[in-house]
Amino acid sequence: VVDDVSIRMQSGIYGLLGSNGAGKTTLMRMICTVMKPTEGSIYYENKDIFEMDEKYRDILGYLPQEFGFYPELTVTAYLKYISSLKGLKQDVVKRRIDELLELTGMQKDSFKKMKELSGGMKRRVGIAQSLLNNPKILVLDEPTAGLDPKGRDELFDEIIELKKKRDMTVILVSHSMEDVAKYVDRLLVMNKGELVLDGTPKEIFSKVEE
């Protein structure tokens with residue numbers, strides 16, 4: 001599914017692209033330790049992420065394409081629940097949630113139940129939960145699902161501002177180059193399990209045009 005892929009990532013925003021079946025979701029799941037590779041290794045600062053175990057997950061933020069929630073919980077209650085699962089200290093939870101509600105534009109809807117939210121609003125809450133632990137690695141799988149063009153631009157602007165404020169690696173997983181190309185520092189394009197293109201958006205587009 002993923003064939004001899006070698007990538008070195010630093011601080012920055014990356015777009016991981018490919019059609020369905022290209023291998024991007026499998027690669028992303030391995031980066032997030034949901035799936036262990038049968039061959040090869042994944043390292044963070046020269047340490048195997050599977051050996052790091054909980055220490056690695058402490059610095060990881062992850063938004064899957066579909067994430068679970070209790071429909072009767074309010075947005076604030078849901079974020080408090082995820083904070084407890086992540087082991088965040090109670091004295092920082094309220095401040096952190098307030099910051100993320102503002103960042104994602106969900107302050108006015110924070111007391112709505114999760115089942116009452118639109119698809120786009122649920123994605124915003126999903127992004128907020130992925131940022132609760134101030135991750136150094138942030139993986140967002142199809143983050144713009146359910147968002148209109150205006151909401152998509154606002155979301156990416158927020159991610160870019162967040163990246164400016166802290167040293168982190170952001171991986172945006174998408175099937176659409178159009179969705180992410182103008183927002184990322186580097187594009188990684190997969191096809192049939194292989195990394196077929198790797199470069200800045202300008203470099204990738206010049207190769208495609210050739």
Query raised in the report: Just how many % of Cα pairs in the stretch 81-210 lie over 18 Å apart, if you round to the nearest whole percent?
Result: 59 percent
Report summary line: Heavy-atom accessible area of the chain with neighbours in place, 1.4 angstrom probe: carbon+sulfur share in percent works out to 48 percent
Report summary line: proj_area_mean for the stretch 117-180 (convex hull on C-alpha atoms), units nm², value 4.2 nm²
Query - Cross-link pairs Lys55/Lys86; Lys24/Lys202; Lys122/Lys182; Lys47/Lys163; Lys47/Lys136 - those with Cα-Cα distance over 18 Å - result: Lys24/Lys202; Lys122/Lys182; Lys47/Lys163
Query raised in the report: For the stretch 1-109, treating each Cα as an identical point scatterer without solvent, what Debye log10 I(q)/I(0) comes out at q = 0.10, 0.17 1/Å?
Result: -0.41, -1.03
Query raised in the report: Over the stretch 50-113, how many percent of alpha carbon pairs lie in each 5 Å bin up to the one with the longest distance?
Result: 4, 15, 21, 26, 21, 7, 4, 1, 0
Query raised in the report: Between rounded, prolate and oblate, where does the stretch 41-86 land on the alpha carbon gyration tensor, with a ≥ b ≥ c its root eigenvalues, rounded for a/c under 1.5, else prolate if a/b exceeds b/c?
Result: prolate
Requested in this report: Subtract the Cα-Cα distance of Tyr81 and Asn20 from 0.36 nm times their separation in residues, and report this length gain in nm to one decimal.
Outcome: 18.7 nm
Query - Ellipsoid semi-axes in whole angstrom, largest first, where each is sqrt(5λ) of the Cα gyration tensor of the stretch 1-61 - result: 19, 14, 11
Query - Solvent-accessible area per residue for the chain (1.4 angstrom probe, square angstrom) - result: 56 Å²
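Mean shadow of the stretch 138-210, computed from the convex hull of its alpha carbons, in nm²?
The directionally averaged projection comes out at 5.5 nm².
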Report summary line: In this structure, the FRET efficiency calculated for Ser11 and Asp58 from their beta-carbon separation, with R0 = 30 Å, to the nearest 0.05, is 0.95
Query raised in the report: For a label point 7 angstrom out from the Cα of Glu116 toward its Cβ, which stretches of the stretch 45-88 have the backbone nitrogen within less than 14 Å?
Result: 71-78
Report summary line: Calculated from DSSP helices alone, with each H run of at least 4 adding -39500 (n - 2.57) and the total divided by the residues of the chain, [θ]222 nm to the nearest 500 comes to -11500 deg cm²/dmol
Report summary line: At the level of C-alpha centres, the distance separating the stretch 178-205 and the stretch 87-133, in angstrom, is 30 Å
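The values are calculated or read from the model by the stated rules, or taken from the named source; none is laboratory data. Remember, it's a predicted structure, so these values are computed and weren't measured experimentally. Here the Cβ is made from the backbone with ideal geometry for all residues, glycine too, and neighbour counts use every protein chain on show. For the accessible areas, the whole protein counts, side chains as well, though only heavy atoms, and no ligand, DNA or RNA atoms are used. Shrake-Rupley method; radii C 1.70, N 1.55, O 1.52, S 1.80 Å.
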